Amino acid sequence: MSDQPSTLLSAFSRKAHAAHCKLCLSGLPASQIDVDGSRLALAFYCLGGLDLLGVLEEEISPRNREEWRTWLWTQHAKGKYGSGFRPGPFMTGRDPRISLQDPADYTNYDTPHLIMTYTALLSLAILRDDFSKLDRKGIIAFLRCCQRQDGSFSTVPGSNENDLRTLYCAFAISNMLDDWSGVDIPQAVAFLATCRTYEGGYGQSTFCEGQGGTTYTAIAALGLASAVTKKEYLTRSEKQVTIEWLLRNQDDSGGFRGRTGKEADACYCFWCGGSLKILGAESLVNSEALATYLSRCRFKYGGIAKAPGESPDPYHTYLSLAALSMYPPQVHDGNSTSETWKFGVLDPLLNAREETVAWIRSHVPDRKVHS
Amino acid sequence: MFDDDELLFSERPEWSDVTPLEQYENLNPLAPIFYTDEYKDATNYLRAIVKSGEKTKRVLELTENIIKQNPAHYSAWQYRYETFITLLFPSSPPKPSKALATNPMVIAELALMDELAVRFLKTYQVWHHRRLLVALTRQPRRELGFIKKSLEADAKNYHTWSYRQWTLAFFGGAGGGGGVAVESSDENDIDFEVGEDLWAGELDFVDAMLAQDIRNNSAWHHRFFVVWGCGVREGELDRERISKRELIFVKQHISFAPNNPSAWNYLRGILRHTSTPFSSVAAFAEPYTSSKESISRDNIVDLDNPRPGEGAELPCSEALEFMADVHEAKTTEEGVNSAVEIWKNLATEHDTMRKKYWEHRIRSAHRSLNTATNAA
């Protein structure tokens, strides 16, 4: 199975996958109402997909990109907990006084959201925004309001909803701003350590079962923190146990599963694959089998599903592309097929294309401080 | 005759005093959702209510309607909880109390949560709201029963298991981590249903879950959490005895179904947690690395080293990996050679998916052996 020659891979229909992302950006059916409170994340998966496919400029007109930037900025809000981005306008009433120039004011029920703030910054960078409207100090204040006594972060200020995803987002935002004054790193890392399990993975929160997605957020968060503190947070043997657990999650289908004994799912090809890359173990992944599995998850009219035969969605499409960016299959057919399997290079710590991360480096930090 | 549930809020006379507030969208939004009329209608009223700050009984009706259409609407959940608390404690600050468990409003809310949890098993908010309620009523035993029932619908549901772990840690008095800090100073509240006996049924519960599916990793994880991960309780203080008990337990389960990564992970977990060398269970693991034919079939029952069952598919790759680790840890040339032999076997035959990894293990074992030899 694993030695199956990847030359059997059919051409990757980039146009069709781009069309899936574009279609979802243009509108979602009513069956997707549960995305209402996380629309910005969905938009990021679509934009990120177009970015990795390298078709953003040719597929989306400059005017369209400008309008999307404008819409993203209307989710930028300021208030007593600082500034950040909301998931969308689902709690924003129609109000003629809404101004597009400044962050809008929020109430207790439409505050910024930590995960959405992370995806908004990435989306704006993909759209090459100049970030002149960004309230940097406000975002730092917002991070401070989200950090709880135990070191974890809540999704919105005051909520008890906390897990490793939010901690990762707080670290990623600090990294993008090149300003860590909004988070208490040692406390956060202490919380993160309580999420580690005997299997070597990390659970969503203290005491929970090890899971691929939260393991990525843990490993990436430690990677981001290490880059600024110059500390090693994991011992050699801890790393080793985590690497082994991650590698064991690649099952006979070639895809990765999120938990021991579960079925493979396209998204875990990224979550586990990204963790392994950050841990320096990418050369140990069976990338041919991985690509074979993901090729089977493709929907024939575009988009990638969580498993073969399922319906595609932007989340699995983006994460599959991101996995393929890190683990490109070797296609030696001497014809154009191999070209279709090449994607932009991904930065595994921020989960964005390298060019986009370079844009973030030059536009998101406060230039007055860092020039 | 009209069923009230089928009327839009804009059609209900009792809501005529509220002016609905439509959602703001500008010209070219990203990923707009084509809402149903029912959702648009209900959320128009929620935005209006939130703006006016009304927290009355009808708000519970409105938020229930929205939650049933979109269980991930976290603002509706948040406003519902605040309204609920306002109605429950009209004149005093919220305080947990046992008496709350018999309050009709609380009973109704928990009944609704029972229904919604099964309907929206995979939605975080359903479980989150439940935590807030139970932190008030402090009746964790009911929750353990409910969780058991809800796992019948989905035995590996992540939220359900997390909720069980939270319930035990929060109310069970040992190392309770994250959660809602609500303390009571009232003397009358001393008989809250909390304490160590909450844990009494947990191992039987894990046994029952594993009897249904011996490969349910969530159940294995839960066992680790109960025995090793969250404090030590009365009757479990003799850790040597507990280690022994757990080793017998996991070995037996491996003998029932050798190719079960969850059980092997549990075995490795115990050994690491108790700093016991892997070699101490080599005699147990060894027979699982042999091919089926070579296993001697004597009738000796050795509890410490249960043999693979009759129909077992052997050799078992987890056992091979385990024995290679045992050999490598000897740090002798002979040990490394035995480990390399096994890794070659895994790479070419028994676990070809991880070929690159086994080759890496071979290279790095050779490397460390060379370093050790040169140093000596």
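The values are calculated or read from the model by the stated rules, or taken from the named source; none is laboratory data. Quick caveat, the model's predicted, so the values are computed rather than measured. Note that each Cβ is placed from the backbone with ideal geometry, even for glycine, and that neighbours are counted across all protein chains shown. In case anyone asks, the SASA skips ligands and DNA or RNA and just uses the protein heavy atoms, side chains included. Shrake-Rupley method; radii C 1.70, N 1.55, O 1.52, S 1.80 Å.
Rounded to a whole number, what % of the accessible area of the range A:218-371 do carbon and sulfur atoms account for, probe 1.4 Å? The computed percentage sits at 50. A Förster radius of 25 Å, combined with the Cβ-Cβ distance separating B:Ser16 from B:Leu88, puts the computed FRET efficiency at roughly 0.35. Projecting the Cα atoms of A:Tyr315, B:Thr371, B:Leu303 onto the dipole axis of the protein assembly as shown, where Lys and Arg carry +1 and Asp and Glu carry -1 at the beta carbon, places B:Thr371 farthest toward the positive end.
Residues of the range B:44-63 that lose at least 20 Å² of accessible area (1.4 Å probe, protein heavy atoms only) when the other protein chains are present, relative to their chain alone, are B:Arg47, B:Val50. Each 10 Å bin, from zero up to the one with the longest distance, holds this percent of the alpha carbon pairs of the protein assembly as shown: 2, 13, 22, 25, 20, 12, 5, 1, 0, 0. Each Lys and Arg Cβ is given +1 and each Asp and Glu Cβ -1; about its Cα centre, the protein assembly as shown then shows a dipole of about 1560 debye. In this structure, A:Ala358 and B:Ala99 have a Cβ-Cβ separation that, at R0 = 56 Å, corresponds to a calculated FRET efficiency of about 0.40. Taking every protein chain into account, the accessible area of the range A:26-128 amounts to 34 square angstrom per residue (probe 1.4 Å).
Cysteine residues of the protein assembly as shown whose Cβ has no partner cysteine Cβ closer than 4.7 Å: A:Cys24, A:Cys145, A:Cys146, A:Cys169, A:Cys195, A:Cys208, A:Cys267, A:Cys269, A:Cys272, A:Cys297, B:Cys230, B:Cys316. Magnitude of the Cβ-charge dipole of chain B, K/R +1 and D/E -1, about the Cα centre, nearest 20 debye? Dipole size: approximately 1020 debye. I'd like the orientation of helix B:355-375 relative to chain B: the angle between its Cα long axis and the longest Cα principal axis, in ° from 0 to 90, rounded to 10. Roughly 60 degrees, rounded to the nearest 10. Counted over chain B with a bin width of 20 Å, the fraction of Cα pairs per bin, in whole percents, is 22, 39, 27, 12, 0. Per-residue extension of 0.36 nm, minus the Cα-Cα distance of A:Gln330 and A:Glu232, leaves a gain of 31.9 nm for this segment. In a reduced charge model with +1 at each Lys and Arg Cβ and -1 at each Asp and Glu Cβ, chain A shows a dipole moment near 560 debye about its Cα centre. Note on the range B:73-173: percent of Cα-Cα distances in each 10 Å bin, starting at 0 and stopping at the bin with the largest distance, equals 14, 49, 32, 4, 0.
Evaluated over the range B:238-376, the count of Lys pairs having alpha-carbon atoms less than 25 Å apart is 10 (only pairs 8 or more residues apart or interchain). Relative to the longest principal Cα axis of chain B, at what angle does helix B:261-273 sit, 0 to 90 degrees, rounded to 10? Once rounded, one gets 80 degrees.
When B:Arg354, A:Arg94 are compared by accessible area of protein heavy atoms, the largest-first order is A:Arg94, B:Arg354, using a 1.4 Å probe. Taking the protein heavy atoms of chain B in the context of the full set of protein chains, the accessible area attributed to carbon and sulfur is 53 percent at 1.4 Å.
Among the residues of A:40-47, the average count of other protein chain beta-carbon atoms within 10 Å of the residue beta-carbon is 2.
Highest mean packing comes first when the peptides A:173-179, B:347-353 are listed by Cβ atoms within 10 Å, giving A:173-179, B:347-353. Between the Cα long axis of helix B:124-137 and the first principal axis of chain B there is an angle of about 80°, rounded to the nearest 10. Chain B contacts chain A over a buried accessible area of about 6300 Å², both sides summed; the probe is 1.4 Å and only protein chains count. Kirkwood analysis of the Cα pair distances in the range B:238-376 returns a hydrodynamic radius of 15.9 Å.
For the range B:238-376, the solvent-accessible area works out to 51 Å² per residue, with a probe of 1.4 Å and every protein chain left in place.
Of the DSSP H helices in chain A, those with a Cα length along their own long axis of 24 Å or more and a mean Kyte-Doolittle hydropathy reaching 1.0 comprise A:212-229. On the beta carbon distance between B:Ala329 and B:Ser364, with R0 = 22 Å, the FRET formula returns roughly 0.95. Loop-located trypsin sites (Lys or Arg not before Pro) in the range A:1-82 (DSSP state other than H, G, I, E, B) with a sparse environment of at most 16 neighbouring Cβ atoms within 10 Å: A:Lys80.
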